[in-house]
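Reviewing the structure listed below.
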Amino acid sequence: MKNVFGKVAAFAAFFACALSANVVAQNKTLSYEGYSLKWQDEFEGSQLNRDDWNVELHQRGWVNNEMQEYVDSAENIQVKDGKLILRPVTKNAKKNLYTSGRVNTQGKHDFKYGIIECRAKFPAGKGFLPAFWMMPTDEQFYGQWPRCGEIDIAEVLGHDTSTAFGTIHHGNPHNESQGKSILGKTAFSDDFHNFACEWEPGRISWYVDGNLYHTENDWFTKSDGQKPHPYPAPFNQPFYIILNLAVGGDWPGSPEKNATYIDGATFEIDYVRVYQKASYNENVAKPQKVLNLKNADSSGNFVTNGNFSAKENLGDETDWQFLSAVGGDGAASIENSEIHITTKKPGNEEYSIQLVQAKMPLVQGGKYRFSFKARAAKKRTMKIGVSAPTRNWKRYLKDTVISLTPEMKSYSFDFTMRDETDDAARIEFNMGKMGSTADIFITDVRLEQTGKVERKTPAYNEDADKGLIKNSEFNGDLMFFEVFTDNSAKASCEVIEEGANNVLDFNIANTGDMDWKVQLIQRGVSLEKGKTYVLRLKAKSTIKRDLMFAIQHDGSKDNNWDNYASQATVSLGTEFQTFEKTFKMPVDNPQAMLSVSMGAVSGKRISKEHHIYLDDITLEEAK
């Protein structure tokens, strides 16, 4: 489950979770030796103990495009028969309006390390995402999500209650490590099971019914343009426990139309217990990451069996893998040196019918070409891309729709790997909800390196700054800046060279529903009462749209976001323009904040992919 600073939903995470290389033997069982019970709630009363739990109130769509409103109601939150019961309630089925319950222990029971467990029974039904998870007590200690870290102890999707997921989110850029526990002939909705994580300095392990299914010891967090914080940050600070039942959203998808199962569903928790040791040794070393870069074949192709000359098992995770989910129903077969994909039902998403091959090695600065031949029984489209399963499904080659005809044609796409080297990238063919179920045939798939970019090493020069904004021309990459993308938005950014200058390029695929849901931030701006300042920036966009910029109080500690420069809203064109705002400081503030907001315009979401370019952000005392 994700918080308000949560991730953009993992693309296709349902059927291809990013399993860490640090998964260990599956026969280890949970031991309580050396632990003592620190806190517990057995839910023996008749109502929720407000001394132990907070009830969260949030509007519909607050995170992950979820459909429920979180309310404080006995309809949604009950303690009965020795159990905490979280229950969804339908308010308007036609409009997909629901209420539900979410509780946490923040400020009442916060924990640093230990065994955190619950015994629970999860609800079945498409669109449900109940969760038992943890967030940092001070989410700003290392910075906004995902830098602050997140521990998901147990998540069970309502449409597949035979599988439980355990995950951590961390880093900047966003990284995750996820494992899954799959029951045999039963489901986590049939009966109660124990879900636990053992959180130690430098290691987190996940268990179901005392059996280990995943462990991770490799993570990081850092601010933009800065070195990583010392390991084991961010998982070396107090966290609190959350229990909630979400309805709809990016990962589980929407409930079935006119669903009758919503109001009868329950997420039941028998108990929550926390065990801790008397002391912990936090002097742990970060494991040395070893990249396993796949070698290309003699022709320079990284794709195995790209010409489909060999039969293979398309249901395993070796080489080619055919996937269908989220309502998709199809099949794939290799014949006549091509792969043949048939679709019975296109599903609810473009990736509901999908052909992928993982473990593609992409080296930072490398230039690559992704090419293939394809045809369809009738004219139709499909979407291709190169993604990062272990890096929150970042797109190295952006998702691109191509048109297919009955004639076999060649397609080729070039891209540059600007991120850190990744040994686990993935090529994708998405053929689900694309307006047709016509058969598709693919062959001669290639991913090859065509060259390398020797990018200049960023060099920040403090003397080059004009005024109070540090690294104002992005010569130090993103040093001193923070990038915030709300989970309901989809955006990424990088510093690029434009002529002789560095500029910041924001690639925005979805703005979210508020202006602040895509932001560039710089904290620690020192301003004096009574002085007049001029805030300037240069900006342009590939589409006509507005942008908002301001100097304001940093409310990350006290939730006070007072604007000193008011909010300057300006209209962008396709050429750089310089915008400015003059203001007089009403108070002294050595820790003010620059914010450039590029989310929704006047509350209207922009889902058309576009770019905003920023340069020369300066703040100077007026002369």
Within region 71-106, of all residues that are more than 16 Å from Val55 (Cα to Cα) and of a type in the set (D, E, K, R), the one surrounded by the fewest Cβ atoms within 10 Å (Cβ to Cβ) is Lys94
Checked pairs for region 286-312, first closer than 30 Å to His229 by Cβ and among the β-branched types (Val, Ile, Thr), second outside any loop (DSSP other than H, G, I, E, B) and open to solvent by less than 40 Å² (accessible area, probe 1.4 Å), C-beta under 6 Å and 6 or more apart or across chains, list as none
Is there a residue in region 535-548 that is more than 30 Å from Asn175 (Cβ to Cβ), modelled with pLDDT under 90 and over 27 Å from the mean Cα position of the chain (by Cα)?
-> no
Reported set for region 473-508 where residues are crowded, with 16+ Cβ neighbours inside 10 Å and of a type in the set (Val, Ile, Thr) is Val483, Thr485, Val495, Val503, Ile508
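Are any of the residues in region 557-576 touching a residue at least 60 places away in the same chain (Cβ under 8 Å) and of a type outside the set (Asp, Glu)? Steps first, answer last, please.
Looking only at region 557-576, we keep the residues that are touching a residue at least 60 places away in the same chain (Cβ under 8 Å), and these are 557.
In the following step, the residues that additionally are of a type outside the set (Asp, Glu) were identified as 557.
Yes; the residues of region 557-576 include at least one that is touching a residue at least 60 places away in the same chain (Cβ under 8 Å) and of a type outside the set (Asp, Glu).
Does Thr457 satisfy being among the β-branched types (Val, Ile, Thr), in a loop (DSSP other than H, G, I, E, B), more than 19 Å from Lys540 (Cα to Cα) and modelled with pLDDT under 85? Explain how you work it out, then say what you get.
Values: among the β-branched types (Val, Ile, Thr): yes; in a loop (DSSP other than H, G, I, E, B): yes; more than 19 Å from Lys540 (Cα to Cα): yes; modelled with pLDDT under 85: yes.
Yes; evaluated as a whole, the condition is true for this residue.
Just the residues that are out of contact with any strand residue (DSSP E or B) (no Cβ under 6 Å at 6 or more places or on another chain) and within 26 Å of Asp41 (Cβ to Cβ), please, taken from region 85-103.
At the first step, the residues of region 85-103 found to be out of contact with any strand residue (DSSP E or B) (no Cβ under 6 Å at 6 or more places or on another chain) are 87, 92-96.
Passing the criteria: only Arg87.
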query: Does Val363 count as farther than 15 Å from Gly306 by Cα, surrounded by fewer than 22 Cβ atoms within 10 Å (Cβ to Cβ), hydrophobic (A, V, I, L, M, F, W, C) and free of Cβ contacts under 8 Å to residues at least 40 places away in the same chain?
result: no
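Return the only residue of Phe141, Phe128 being under 18 Å from Pro238 (Cβ atoms) and either over 19 Å from the mean Cα position of the chain (by Cα) or in contact (Cβ under 8 Å) with a residue 40 or more places away in the chain (or both).
Only one candidate passes the filter, namely Phe141.
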For region 447-459, indicate whether the set of residues that are of a type in the set (Ser, Thr, Tyr), more than 30 Å from Lys345 (Cβ to Cβ) and open to solvent by 10 Å² or more (accessible area, probe 1.4 Å) is non-empty. yes
Cβ pairs under 9 Å, 6+ apart or interchain, first in region 27-41 and open to solvent by 90 Å² or more (accessible area, probe 1.4 Å), second among the acidic types (Asp, Glu), ordered by first then second residue, are none
Residue pairs qualifying under the 6 Å Cβ cut-off, at least six apart or on distinct chains, with the first in region 146-157 being under 14 Å from Asn487 (Cα atoms) and the second being outside any strand (DSSP E or B), are Arg147/Asn172; Arg147/Thr221
Scanning region 160-179 residue by residue, those over 17 Å from the mean Cα position of the chain (by Cα) and part of a loop (DSSP other than H, G, I, E, B) turn out to be Asp160, Thr161, Ser162
Exactly one of Leu129, Leu157 is under 27 Å from Met67 (Cβ atoms), touching a Leu at 6+ places or on another chain (Cβ under 7 Å) and not in a strand (DSSP E or B), and that one is Leu157
Restricting region 218-240 to residues that are open to solvent by less than 30 Å² (accessible area, probe 1.4 Å) and in contact with a Ser or Thr (Cβ under 6 Å, 6 or more places away or on another chain), the one nearest to Phe165 (Cα to Cα) turns out to be Tyr240
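Among the strands (runs of 3 or more DSSP E) lying completely within region 286-353, list those that include at least 3 residues that are open to solvent by 30 Å² or more (accessible area, probe 1.4 Å) and out of contact with any helix residue (DSSP H, G or I) (no Cβ under 7 Å at 6 or more places or on another chain). Reasoning before the result, please.
Details: elements: 320-324, 328-335, 338-346.
Qualifying strands (runs of 3 or more DSSP E): 328-335, 338-346.
Picking from Arg395, Arg375, which residue would you name as being at pLDDT 95 or above, open to solvent by 30 Å² or more (accessible area, probe 1.4 Å) and either part of a strand (DSSP E or B) or closer than 16 Å to Glu428 by Cβ (or both)? Lay out the reasoning, then the answer.
Details: Arg395 fails: at pLDDT 95 or above.
Within the list Arg395, Arg375, the selection yields Arg375.
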Only one of (1) under 30 Å from Ala600 (Cα atoms); (2) assigned to a strand (DSSP E or B) does not apply to Ser488, and that is (2)
Condition set aromatic (Phe, Trp, Tyr) and open to solvent by 10 Å² or more (accessible area, probe 1.4 Å), scope region 241-273, selection nearest to Ser205 (Cα to Cα): answer is Tyr271
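For region 528-608, please list each of the strands (runs of 3 or more DSSP E) lying entirely inside it that holds at least 1 residues being open to solvent by less than 60 Å² (accessible area, probe 1.4 Å) and in contact with a helix residue (DSSP H, G or I) (Cβ under 9 Å, 6 or more places away or on another chain).
On the way: elements: 532-541, 545-553, 568-572, 577-584, 589-597.
Counting at least 1 such residues, we get 545-553, 589-597.
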Flagged pairs (Cβ under 7 angstrom, 6 or more apart or on separate chains; first in region 577-606, under 16 Å from Val534 (Cβ atoms); second open to solvent by 80 Å² or more (accessible area, probe 1.4 Å)) are Met585/Glu528; Met585/Lys529
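Any residue in region 345-353 that is in contact with a Pro (Cβ under 8 Å, 6 or more places away or on another chain) and not small (Gly, Ala, Ser)?
We begin by selecting, within region 345-353, every residue in contact with a Pro (Cβ under 8 Å, 6 or more places away or on another chain); these are 352-353.
Checking which are not small (Gly, Ala, Ser) leaves us with 353.
Checked against the condition, which is being in contact with a Pro (Cβ under 8 Å, 6 or more places away or on another chain) and not small (Gly, Ala, Ser), region 345-353 yields at least one hit.
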Restricting region 378-391 to residues that are at pLDDT 95 or above and aliphatic (A, V, I, L, M), the one surrounded by the most Cβ atoms within 10 Å (Cβ to Cβ) turns out to be Met382
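Looking only at region 180-200, which residues are of a type outside the set (Asp, Glu), open to solvent by less than 40 Å² (accessible area, probe 1.4 Å) and within 24 Å of the chain's Cα centre (by Cα)?
Looking only at region 180-200, we keep the residues that are of a type outside the set (Asp, Glu), and these are 180-189, 192-197, 199.
From what's left, open to solvent by less than 40 Å² (accessible area, probe 1.4 Å): 181, 183, 187-189, 192-197, 199.
Scanning region 180-200 gives Ser181, Phe195, Ala196, Cys197, Trp199.
The values are calculated or read from the model by the stated rules, or taken from the named source; none is laboratory data. Predicted, not measured: the structure shown is a model, and the values here were computed from it. Because the Cβ atoms are built from the backbone with ideal geometry, glycine has one as well, and the counts that use them run over all protein chains shown. What goes into the accessible areas is simple: the full protein's heavy atoms, side chains included, and nothing from ligands, DNA or RNA. Shrake-Rupley method; radii C 1.70, N 1.55, O 1.52, S 1.80 Å.
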